[in-house]
Amino acid sequence: MTEAQLYPYVLYGFLGVAILVFPLLFFISAPYGRHVRDHWGPTIPATLGWVVMEAPSPLLFAYFFLTSERRTLTALVFLLLWEAHYVHRAFIFPFRRRGGQSRMPALVALFALCFNLFNAYLNGRWLFTFGPAATTETAWLTDPRFILGALMFVAGYAINQHADWVLFHLRKPGETGYKIPHGGMYRFVSSPNYLGEIIEWSGFALASWSPAGLCFALWTIANLLPRARTNHLWYREKFPEYPKERRAVIPWIF
């Protein structure tokens with residue numbers, strides 16, 4: 001069996017895991033950040049964990065681009081969109097976090113590492129090797145699907161970045177504990193950073209018009225929707241004055 005023949009099985013298997021994980025995460029919250037707890041095995045420094053689990057995504061995606069024959073302008077645009085998110089997530093965000101001395105279960109970092117390896121492989125190989133060449137030709141830049149998807153990605157990225165900025169400045173250096181974030185999309189939802197990521201990768205799926213992009217968007221929803229609900233319930237329990245009009249992640253709906 002060639003790699004091209006094996007690829008669809010990997011894609012459908014990856015999607016199948018997302019379908020299984022989605023309902024489970026409504027009952028089991030990932031033990032990191034404010035939800036960290038014991039009994040999840042050995043722990044590692046959270047900053048190290050973030051770098052280790054996120055770095056494979058920008059590196060592997062860039063490798064597939066550099067070793068491809070589809071190094072077109074459109075392919076470069078897809079690379080830049082992907083790297084804009086993941087270079088920040090792997091090499092900037094971990095070192096901007098407050099409370100950088102905290103720890104996370106090594107198992108969580110391992111799960112995330114596996115996800116990023118599969119996800120970067122599926123999207124990188126589809127765009128730069130296995131998918132239709134038309135979606136990496138210059139004409140694709142004027143296709144309505146690409147234009148709308150790219151605009152969605154930029155909008156989601158802006159929401160995500162602003163939400164992180166609010167959290168970075170929520171506590172002064174040396175302060176500990178949690179506070180209620182305000183401003184931007186925090187007026188409407190408890191986890192605008194997650195909302196931004198959902199919009200980002202839904203836009204990427206539309207712009208790339210690929211099953212791998214769609215799989216990533218569904219994985220993002222399956223992972224972040226339950227976690228946003230957990231965060232929302234945590235805020236409401238911890239802060240009696242928490243704004244009642246806020247929803248978890250989708251304004252006015254959920």
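Every number in this text was worked out from the coordinates using simple rules, so none of it is lab data. Not measured: the values here are computed from a predicted model. Please note: Cβ atoms are built from the backbone with ideal geometry, for glycine as well, and neighbour counts cover all protein chains shown.
What's the local net charge at A120, with K and R +1, D and E -1, over the other residues with C-beta under 13 Å away?
Its environment carries a net charge of 0.
In the chain, once you exclude exposed trypsin sites (Lys or Arg not before Pro) (DSSP loop, at most 12 other Cβ within 10 angstrom), what's the longest stretch remaining?
On the way: sites that count: R37, K179, K244.
Value returned for the longest uninterrupted segment is 38-178.
Can you tell which of F111, F153, F78 shows the greatest fluctuation in a Gaussian network model of the chain with Cα springs below 10 Å?
F111
R0 = 25 Å: FRET efficiency of E3 with L80, Cβ-based, nearest 0.05?
Working: r = 26 Å, r/R0 = 1.04.
Taking R0 as 25 Å, the efficiency between E3 and L80 is 0.45.
Given the peptides 3-9, 132-138, arrange them by the average over their residues of other C-beta atoms within 10 Å, most packed first. Walk me through the numbers on the way to the answer.
Numbers: 3-9: 11.1, 132-138: 15.0.
Highest mean packing first, the order is 132-138, 3-9.
Helix 106-125 against the longest principal axis of the chain: what's the angle in degrees, Cα atoms only, rounded to the nearest 10?
Orientation of helix 106-125: about 30 degrees from the principal axis.
Can you tell me the relative contact order of the stretch 27-168? Whole percent, Cα pairs under 8 Å, sequence separation 6 or more. Could the numbers behind the result be given before it?
Working: 149 pairs, mean separation 51.2, N = 142.
After rounding, I find 36 percent.
I'd like to know which of P192, L218, A150 lies farthest towards the positive end of the charge dipole of the stretch 143-254, counting +1 on Cβ of Lys and Arg and -1 on Cβ of Asp and Glu.
So the residue we want is P192.
Would you mind working out the magnitude of the charge dipole of the chain relative to its Cα centre, with +1 at each Lys and Arg C-beta and -1 at each Asp and Glu C-beta, to the nearest 20 Debye?
920
What is the P(r) of the stretch 56-160, as percent of Cα-Cα pairs per 5 Å bin from 0?
2, 11, 18, 21, 19, 13, 8, 5, 3, 1
Towards the positive end of the charge dipole of the stretch 31-137, with charges on Cβ (+1 Lys, Arg; -1 Asp, Glu), say which of V52, S102, W40 has the farthest Cα.
S102
Quick one: net charge of G131's neighbours, Cβ under 11 Å, K/R +1, D/E -1? Could the numbers behind the result be given before it?
On the way: positive: R70, R125; negative: none.
My count for the surroundings of G131 gives +2.
Shape verdict for the stretch 70-112, please, from the Cα gyration tensor: rounded (a/c under 1.5), prolate (a/b greater than b/c) or oblate. It would help to have the intermediate numbers written out before the result.
On the way: a/c = 6.22, a/b = 2.19, b/c = 2.84.
Judged from the Cα gyration tensor, the stretch 70-112 comes out oblate (a/c at least 1.5, b/c at or above a/b).
For the stretch 150-205 and the stretch 215-254, what is the centre-to-centre distance using only Cα atoms, to the nearest Å?
If we compute the Cα centre of each part, the gap is 12 Å.
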